[in-house]
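Here's the structure we're looking at; comments come further down.
The values are calculated or read from the model by the stated rules, or taken from the named source; none is laboratory data. Note that the coordinates shown come from a computational prediction; the quantities given were computed from them, not determined experimentally. Cβ atoms come from the backbone with ideal geometry, glycine included; neighbour counts cover every protein chain shown.
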Amino acid sequence: MKPLLLNLLVTSAMAATADPHNRFFPLVHDGGGWTTQITLINLAAQPAAMLLTFNTPAGFLDTWKVGLKSSPGNVSGNYVDLPLAPGATAVVETSGAPATLTRGFVEVTEYNDLPIGGYATLTRREGDRIVQRFQIPLSPEHERRSVLPVDLSDPLVAVEAIWVSITSSATLDLVFRDLAGNRILNDQLTFDNKAQIFVNLRQQWPNLKDFRGTLQWTVTFPNADRYEARILAGVSLMSRDTWWGVLPGMTLPADQAGSNPY
């Protein structure tokens with residue numbers, strides 16, 4: 001069992017589907033033994049011009065003092081200016097230098113609205129030994145409605161949902177359904193001036209003990225300015241000891257959109 005587990009930790013990867021609205025890595029780690037390596041590919045026949053912005057959960061209210069290197073690309077603070085030829089690949093890495101872990105997210109701006117593909121590889125090391133590794137796919141910048149599979153039947157497995165929104169006002173309407181599709185619970189979450197929220201499902205809803213089914217979210221922006229970009233990206237993690245699994249949301253193409261409301 002141990003060799004198999006190690007193999008899963010070191011080599012597991014997440015298949016990614018390229019979408020013209022993919023613009024966010026909703027989770028990156030740096031520090032406390034963790035580093036993140038971001039791989040981006042220009043899938044268009046024209047040169048791409050990208051800007052990567054590394055953010056803490058406070059978003060624009062806090063500047064992440066993160067060490068970065070990029071090949072190719074130019075690094076300035078928590079920004080990476082990244083020109084990329086057609087079919088070319090870029091790799092951006094965090095330094096992992098801080099003693100404590102910071103969790104955050106990355107916004108990818110492509111100025112010509114060209115399709116790009118990519119994933120973030122999050123790795124934790126103890127000395128020279130890799131003890132954890134998993135990958136986060138590039139997410140749409142606006143997932144209006146999405147569904148996550150949820151399994152809380154094993155009390156030793158933690159399930160965490162992570163959402164990102166840099167819109168000034170975002171509200172998530174949540175619906176839990178059992179395996180037969182019956183509504184079990186409705187609830188609502190707000191970002192409360194945060195750009196990234198982390199929700200442990202078992203702790204947030206203790207009455208869902210042993211629940212198996214799905215979690216659907218629908219996002220609204222009740223107090224946003226009419227011209228403000230609509231941003232919502234999400235992902236879920238399952239973890240037990242050193243094992244991590246990644247569950248991106250299941251979002252229909254009709255529920256994926258660009259951030260511009262016009």
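Numerical summary
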read-out: Selection within the stretch 171-180 - over 20 Å from Ile136 (Cβ atoms) and among the aliphatic types (A, V, I, L, M); value: Leu174, Val175, Leu179, Ala180
read-out: Residue check for Asn186: at negative phi, part of a strand (DSSP E or B), surrounded by fewer than 13 Cβ atoms within 10 Å (Cβ to Cβ) and not basic (Lys, Arg); value: yes
read-out: Lone unmet requirement of (1) surrounded by fewer than 18 Cβ atoms within 10 Å (Cβ to Cβ); (2) modelled with pLDDT of 95 or more; (3) aromatic (Phe, Trp, Tyr) for Tyr227; value: (2)
read-out: Pair list, Cβ under 6 Å, 6 or more apart: the stretch 205-220 residue aromatic (Phe, Trp, Tyr), other residue part of a loop (DSSP other than H, G, I, E, B); value: Phe211/Leu152
read-out: Selection within the stretch 189-219 - closer than 24 Å to Ser168 by Cα and part of a loop (DSSP other than H, G, I, E, B); value: Phe191, Asp192, Asn193, Lys194, Ala195
